[in-house]
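Just so it is clear, none of the values below were taken in a lab; they were calculated from the coordinates. If you're wondering where the values come from, they're calculated on a predicted model, not measured in any experiment. All Cβ positions, even for glycine, are placed from backbone atoms using ideal geometry, and neighbour counts span all protein chains on display.
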Amino acid sequence: MDKLRFYNTLSRKKEDFAPIAPPTVTMYSCGPTVYNYAHIGNLRTYVFMDELRRTLKFAGYTTKSVMNITDVGHLTSDGDEGEDKMQTAAKKQNKSPEEIASFYSSVFFKDLDRLHILLPEIISKATDNIQDMIEFVKTLCDLGYGYETDDGIYFDISKFKDYGKLSRCSIEDALAGARVAVNTQKRHPADFALWKKAEKNHIMQWQSPWGMGYPGWHIECSTMSKKFLGERFDIHTGGVDHIPIHHENEIAQSEALEGHKVVNLWMHGEFMLVDGGKMSKSLGNVYTIDDLISKGYSPLAFRYFCLNTHYRNKLNFTFDGLAGAATAYNRLRTAISSCENAPNADAQTAAAVQKQKTTVIAAVYDDLNYPLALGELWTMAKLPACKQIFDAAKELDALLGLDLHLPLEQKADDIPDEVKEIAERRFAARKNKDWATSDALRAELDKLGYTILDGKDSYDIKKK
Ligand code: AMP
Ligand code: ZN
């Protein structure tokens, strides 16, 4: 296994990576709450997870990764109040929470696929692990960390002396910072819910020792990581927003239960901003991958855009920035893929290609420095065209997932849904010999920048 270094949020230092039981690396990544489409910020965090998993594999490790799908328990406000996000979405759309979860999960997996994000080995829904969560909460109560109030079971943070070690806030800070509790039965305002008792009209509820109810959001990750990875594991990932509450609470629950440290390496992806600020529905700047595709950008251009900023730096999304990344990506891909049929390099160029390949790998092994790796790849692409460049890029694709060695051709996936839908209608019109409609739809596609190439019983869509 090659030597790797990663930045640990817990120690605030870059550390040599030493897994518990090599060659296996055990890893847990907080997954999406599937009540809505994932936005490009969420997806940036999964691109970061993918950079890490690809790097581990490339270095010779076998990954055992878990990602949860939150389909219950994530409330609309921190502080264990408000409605379950799944329930709110279900009511709004007049669907069951299961239908909501299944719809948005499938869109999420489609997004991962389009971004070439490799799937974790184990993916599990919160609702498939409720009994394990109940057991976890029961044990915390037996150990004296959990206590019951009229509306649920809470974790007493004053009993866990290390509370705040990840965000480096003391218990006093946490207590002072917590909002005044609405629930006056909590021992401390910053105590958090392990289990909530359900009101009659709550859609999702399960039988428990404390009556009908549903799990808190944090307990889900502690339970699932223990169930699938055991009492100690190597890496835990998520976005930086999770450091102060969600991950702090996970540490409190897991370490209180086990009586020892559970996660060795905590890694966090920085946030994506849009036009320099927060993404928010009211500003109309919450974009999805489909929004980018409908504006003519390929998912891999967005992936390139993400890789080009280090995961520990904020990434400001603008359409100008994305357009620049798309141009650079297309140029790099054209330069590299066109080397497939180039002649073999002379000895000096071959050595230069080899050196660049080693430098790309070294950059990535040093805390996932993908921006530096892309820079080194550009240097390689500018060497005299030769087959060695193509071979090196093809091998490096296991790290990059950018298809740089493949010719830039219009793949079905890169064509916006809107365009596909018009093309389908045109195909139907043509079959019905409705030439007027067919011509009108062709003109519509033309306006959107697409041409149709008709076959006998099929068609092809090409970007002009
Ligand atoms: P959620 O579905 O809200 O639990 O979020 C899924 C993941 O996206 C979590 O790991 C969050 O930390 C992350 N996330 C949320 N907003 C952003 C953002 N603007 N930029 C990067 N990551 C984000
Ligand atoms: Zn989590």
Compute the distance in nm between two label points, each set 7 Å from the Cα along the Cα-to-Cβ direction, one at PHE103 and one at LYS462. 3.8
With 10 angstrom as the radius, rank PHE228, PHE317 by how many other C-beta atoms surround their C-beta, starting from the fewest. PHE228, PHE317
Can you order the peptides 430-437, 323-330 by their average number of other Cβ atoms within 10 Å per residue, highest first? 323-330, 430-437
Give the distance, in whole Å, between the Cα centre of region 135-154 and the Cα centre of region 298-376. 50
If I model region 179-326 as equal point scatterers sitting on the Cα atoms and use the Debye formula, what is log10 I(q)/I(0) at q = 0.09, 0.10, 0.19, 0.21 Å⁻¹? -0.47, -0.57, -1.13, -1.22
For q = 0.12, 0.17 Å⁻¹, Debye-computed log10 I/I(0) when each Cα of region 58-146 counts as one equal scatterer: -0.55, -0.94
Restricting to the chain, compute how many DSSP beta bridges are antiparallel as a %, nearest 5. 50
Can you compute the charge dipole magnitude of region 60-207 about its Cα centre, using +1 on each Lys and Arg Cβ and -1 on each Asp and Glu Cβ, nothing else charged? Give it in debye, rounded to the nearest 20. 240
Taking neighbour Cβ counts within 10 Å as the exposure measure, how do ASP454, ASP391, ASP151, ASP417 sort from fewest upward? ASP417, ASP454, ASP391, ASP151
By Kyte-Doolittle mean hydropathy of at least -0.5 and Cα axial length of at least 20 Å, which whole DSSP H helices of the chain are selected? 40-58, 97-114, 319-337, 347-365
Go from 0 up to the bin containing the longest alpha carbon distance in the chain, width 20 Å each, and give me the % of pairs per bin. 22, 49, 25, 4
Calculated over region 285-359: convex hull of Cα atoms, volume per residue (Å³): 113
I need the calculated FRET efficiency for the pair LYS387 and LEU143, taking r as the beta carbon distance and R₀ as 51 Å, to the nearest 0.05. 0.20
FRET efficiency for LYS281 and ASP320, Cβ-Cβ distance as r, R0 = 22 Å, nearest 0.05? 0.45
If Rh is defined by the Kirkwood formula over all Cα pairs and Rg also comes from Cα, what ratio Rg/Rh do you get for region 334-464? 1.21
With the dipole of the chain defined by +1 on each Lys or Arg Cβ and -1 on each Asp or Glu Cβ, the option from LEU52, TYR329, VAL25 whose Cα lies farthest towards the positive pole is TYR329
Under 17 Å from the 7 Å Cα→Cβ point of SER294, by amide nitrogen: which residues of region 310-346? 319
Shape call, region 419-464: gyration tensor on alpha carbons, a/c limit 1.5: oblate
